[in-house]
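Each remark here refers to the structure printed beneath this line.
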Amino acid sequence: APGAAAPADGRNTLWIFLLIFVPLVGGLAFLIVEVLPGIGKSRAARVAGTAVAKAIGLSRRRELESLISMQDTVRNRLDLAEEYLAAEEPHKAVEVLQPCLAGVHTSDPELRRSLARALLASGRGADALPLLERLSSEGRLEAVSDRLLLVRARAESGSVNALEAYRGLYEGDRGLEAGYWYAACLVSRGLRDQAGEVVRDMREQLRRFPQFKGTMGKAWLAKAARLLAAK
C-alpha cells in the first residue's frame, strides 16, 4: 500500500534479531561486517587500525615477558624477540636471545638466524656475520631472505663490494626485499636514477604477479619508493 514501509530484507531482519536478543555479540558483528568495510579506506580508519595493532603488539610483548619470568624457555624467548623486532626494538631482541646461545642450543639454527637478524637490525652487521657464515656453510641459508641477511652482514662489515653483492642477489632471485636493499645502496651512493630503475622493475613485478600484493612485497616496494621521494 502507498506509504507502507518496505519490508526488511533477510539480512536486515537478521541484524534486528541479533541486536535485540544478543546485543553484545550482535553489535560487534554489525560493526565488523557492516561498518568497518565502509570506512576501511579512510585515513582515520587506517590510523585507528595502526593504533589497535600497536596496542595488541604491546599486550603480546607484556604477556611474553611475564611468561618468561615463569617459563624461561628458548621458544618463549624466540617469540618475544620476534615481537621486539616487529616493534623496531632490535636491541631488546638481542638481549633476549644472546643468553640462549650456549650449551645444547649453541648450534640451534633458528636461534642463530634470529639473533643474526636482531644484530643486523641493531646496526651490528660485523657481529652477525660469523653466525650467518656458519649457517651458510651448513647449508641453512636457502631462502632468499636468509641469503639477504648474509649479504647485508658482509656489506656492513666491508668484506664485499656492497653494491655488487646486492645487485647480484636481486638480479638472481628478483626478491622485492632484496630490491629494496639494492635500491637503498644505490641511493646511498647518489645513484638515484639507477635506484629509480630498480623501483620501476619492482613495481612491474607486482603488476605481473598480483599474488605478491598480499605479501610483504608490496611493503618493500613502498619503502623503496619512499627512498626516492626523500630529498
Practice task
For region 144-162, enumerate the residues that are among the hydrophobic types (A, V, I, L, M, F, W, C) and either open to solvent by less than 50 Å² (accessible area, probe 1.4 Å) or under 17 Å from ARG113 (Cβ atoms) (or both).
Solution key: VAL144, LEU148, LEU149, LEU150, VAL151, ALA153, ALA155, ALA162
Handout entry: Residue pairs meeting the criteria (Cβ under 7 Å; at least 6 apart or on separate chains; first over 22 Å from LEU186 (Cβ atoms) and open to solvent by less than 90 Å² (accessible area, probe 1.4 Å), in region 197-226; second among the hydrophobic types (A, V, I, L, M, F, W, C) and assigned to a loop (DSSP other than H, G, I, E, B))
Key = none
Exercise for the section: Tell me which of these ALA87 doesn't satisfy, since it passes every other one: (1) open to solvent by less than 60 Å² (accessible area, probe 1.4 Å); (2) closer than 23 Å to LEU176 by Cα; (3) at pLDDT 95 or above. Expected result: (3)
Exercise for the section: Can you tell me which residue among LEU141, LEU131, LEU135, LEU115 is surrounded by 17 or more Cβ atoms within 10 Å (Cβ to Cβ) and over 20 Å from LEU169 (Cα atoms)? Expected result: LEU115
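Can you tell me which residue is nearest to CYS100 (Cα to Cα) among those in region 118-139 that are of a type in the set (Asp, Glu) and assigned to a helix (DSSP H, G or I)? Reasoning before the result, please.
Restricting attention to region 118-139, the residues satisfying the condition of being of a type in the set (Asp, Glu) are 127, 133, 138.
Filter once more, so that each one left must be assigned to a helix (DSSP H, G or I): 127, 133.
Details: ASP127: 16, GLU133: 19 Å.
Applying the filter and picking the extreme gives ASP127.
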Practice task
Test ALA165 against the criterion of being buried (at least 20 other Cβ atoms within 10 Å of the Cβ), among the small types (Gly, Ala, Ser) and free of Cβ contacts under 8 Å to residues at least 24 places away in the same chain, and give yes or no.
Solution key: yes
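The values are calculated or read from the model by the stated rules, or taken from the named source; none is laboratory data. Just so it is clear, the structure is predicted and the values come from calculations on it, not from any experiment. Reconstructed Cβ throughout: ideal geometry from the backbone, glycine too, with neighbour counts over all protein chains shown. Please note that ligands, DNA and RNA were not included when accessible areas were found on the heavy atoms of the full protein model with its side chains. Shrake-Rupley method; radii C 1.70, N 1.55, O 1.52, S 1.80 Å.
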